[in-house]
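Chemist: What follows is a single structure, and I will ask about it in a moment.
The values are calculated or read from the model by the stated rules, or taken from the named source; none is laboratory data. None of the values given here were measured: they were computed from a predicted structure. Here the Cβ positions follow ideal geometry from the backbone for every residue, glycine too, while neighbour counts run over all protein chains shown.
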Amino acid sequence: MFSLFLSATVLNVLLVGTLSQAADDHHWNQWRGPEGNGVSRTANPPTHWSESKNIRWKVAVPGNGTSTPVIHGQQVFLLTTINTGERDLSIPNPEDQPKTNFFDIKRPNTKHEYVVLCLDRNTGSVLWKRTAAKKIPHEGAHQDNDFASASPITDGELLWCWFGSAGLYCFDLDGNPRWNRNLGEVRVGSSLGEGCSPALFDGRLVIVRDHAGESTIEVLNAENGTTLWKRIRDEGNAWATPTVVTVDGVSQVITAASNAIRSYNLDSGEIIWQCSGLSGNVIPCPVIDGSNVICMSGYQGYSAMAIPLTETGDLTDSGKIVWQHDRGTPYIPSPLLYDGLLFFNQSNQSILTCVNSTTGKIVFGPLRIGQLSNIYASPVGASDRVYITGRNGTTLVLSRGEDFEQLAENKLSDRFDASPALAGKQLFLRGAKHLYCIETQ
């Protein structure tokens, strides 16, 4: 069902993580890129590649992780966890532990190294490697998740690495430790694992932890790690990375979850507005579109909502929602917002829809695309092209436009759950075993 309410408010809006135009070519500073919407304004990556074509380098990545690499200048940063095999005999072997959750996920009884890697962007060689922590995870994770699924974030001087219950670690870009914080352990329902990435804005770091215990949002001083404020959230499991936007001089932290989408005042922690309407297990992150924020979910129901950023109070059933959809929205991937066009897939399937982000009107779709198998990675865009990567190693390259036009279908020999990163003439794809740097040769 489709419903439409128009809003024409003009605002002064500043997005989280926005870099200068001159610097964009060298940076992908956070999970969803410089604008937080999956787009690079200056990147021009290849359209065609394979295992034997346009691969600048391909390097094996030790351990497991699905966090997206971030790029600053000539450095590439990514997180991984390595199972050392060092057993704690006081913890039963996983196969001997009783079933305690729906998926029968067991706690590991071996120590894991939580590792930060810095690679040379030109060659893929390791510039430095730091073990942030070495410990046994306090609970397990789903087979489609891992213990390094949150992406790092950088401002060009410092790098923040969030390993969830294993801690938050800050380094300079030469790998020197600056500070670390243990923010406590969480209990994710059914032991599905953690995965919400941090947001950075105006010297403050935002950490959202929605789980089966006491959910929280916490804002820290990014330079030294001290807590500026912390609020309890009435939420269960959710993994949506927050975004920050300044509207008419007030910075809002936007969080998406099952009970409510909420806007917090970044300075005070007070709720500016909230709105219910998403389904369960919210994972896609909010995207800012002018005077609105668009939020989505796709587990046990479909929902997309465009909400005005100028309102206050509870907007649920208020008639102030700009537009809504209740079909075809993603479960795990976040949408791509590219110059007025919003691209998203249905659940984790290769069924694509494109809508006008201002009106919510369907531009094309839903339609089945390519040979992608399931889609866990979020789409990215650059040079009027859209890149959609499936778990089976296939990436479709589409033209960004109001008609569906496939430009290429490319195949690599790995499994891809991590979202791509773009910088300059390069596309970075992190697979289960390798990190690829793709560039026209």
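Chemist: Restricting attention to strands (runs of 3 or more DSSP E) lying wholly within the range 190-265, give those where 1 or more residues are not hydrophobic (A, V, I, L, M, F, W, C).
Modeler: Of the strands (runs of 3 or more DSSP E) lying wholly inside the range 190-265, those with at least 1 residues that are not hydrophobic (A, V, I, L, M, F, W, C) span 204-209, 215-221, 227-233, 243-247, 250-255, 261-265.
Chemist: Looking at Leu79, Leu168, Leu158, Leu127, which is the one that is touching a Ser or Thr at 6+ places or on another chain (Cβ under 9 Å), surrounded by 14 or more Cβ atoms within 10 Å (Cβ to Cβ) and either of a type in the set (Gly, Ala, Ser) or at pLDDT 95 or above (or both)?
Modeler: Numbers: Leu168 fails: touching a Ser or Thr at 6+ places or on another chain (Cβ under 9 Å); Leu158 fails: touching a Ser or Thr at 6+ places or on another chain (Cβ under 9 Å); Leu127 fails: touching a Ser or Thr at 6+ places or on another chain (Cβ under 9 Å).
The match here is Leu79.
Chemist: Can you name the strands (runs of 3 or more DSSP E) wholly within the range 399-441 that have at least 2 residues being aliphatic (A, V, I, L, M) and under 20 Å from the mean Cα position of the chain (by Cα)?
Modeler: Details: elements: 406-411, 421-423, 426-430, 434-438.
By residue number, 421-423, 426-430.
Chemist: Here's a follow-up. Conditions first: (1) within 30 Å of Asn356 (Cα to Cα); (2) surrounded by fewer than 18 Cβ atoms within 10 Å (Cβ to Cβ); (3) at pLDDT 95 or above. Pro46 passes all but one, so which condition is the exception?
Modeler: (2)
Chemist: Here's something else I'd like to know. Considering every residue within the range 172-179, establish whether at least one is surrounded by 20 or more Cβ atoms within 10 Å (Cβ to Cβ) and modelled with pLDDT of 95 or more.
Modeler: First, pick out the residues of the range 172-179 that are surrounded by 20 or more Cβ atoms within 10 Å (Cβ to Cβ): none.
Within the range 172-179, not a single residue is surrounded by 20 or more Cβ atoms within 10 Å (Cβ to Cβ) and modelled with pLDDT of 95 or more.
Chemist: Yes or no: Arg204 among the basic types (Lys, Arg) and more than 23 Å from Pro177 (Cα to Cα)? Reasoning before the result, please.
Modeler: Working: among the basic types (Lys, Arg): yes; more than 23 Å from Pro177 (Cα to Cα): no.
No, not satisfied.
Chemist: Filter the range 203-249 for residues that are farther than 19 Å from Val293 by Cβ, surrounded by 14 or more Cβ atoms within 10 Å (Cβ to Cβ) and among the β-branched types (Val, Ile, Thr) and give the result.
Modeler: Across the range 203-249, the qualifying residues are Ile207, Thr216.
Chemist: While we're here: Kindly indicate whether any position in the range 132-155 is at pLDDT 95 or above, within 20 Å of the chain's Cα centre (by Cα), surrounded by 15 or more Cβ atoms within 10 Å (Cβ to Cβ) and not in a loop (DSSP other than H, G, I, E, B).
Modeler: yes
Chemist: Let me ask something else. What's the number of the condition Gly290 fails, among (1) surrounded by fewer than 24 Cβ atoms within 10 Å (Cβ to Cβ); (2) closer than 16 Å to Val206 by Cβ?
Modeler: All conditions are met except number (2).
Chemist: Is there a residue in the range 302-312 that is charged (D, E, K, R), over 19 Å from Pro335 (Cα atoms) and touching a residue at least 24 places away in the same chain (Cβ under 8 Å)? Before the answer, list the steps.
Modeler: Looking only at the range 302-312, we keep the residues that are charged (D, E, K, R), and these are 311.
Still in the list and also over 19 Å from Pro335 (Cα atoms): 311.
Okay, now just the ones that are also touching a residue at least 24 places away in the same chain (Cβ under 8 Å), so 311.
Yes, there is a match, as at least one residue in the range 302-312 is charged (D, E, K, R), over 19 Å from Pro335 (Cα atoms) and touching a residue at least 24 places away in the same chain (Cβ under 8 Å).
Chemist: Still on this model: Within the range 59-116, can you find the residues that are small (Gly, Ala, Ser) and closer than 18 Å to Gly175 by Cβ? Before the answer, list the steps.
Modeler: First, the residues of the range 59-116 that are small (Gly, Ala, Ser): 60, 63, 65, 67, 73, 85, 90.
Residues satisfying the conditions are Gly63, Gly65, Ser67, Gly73.
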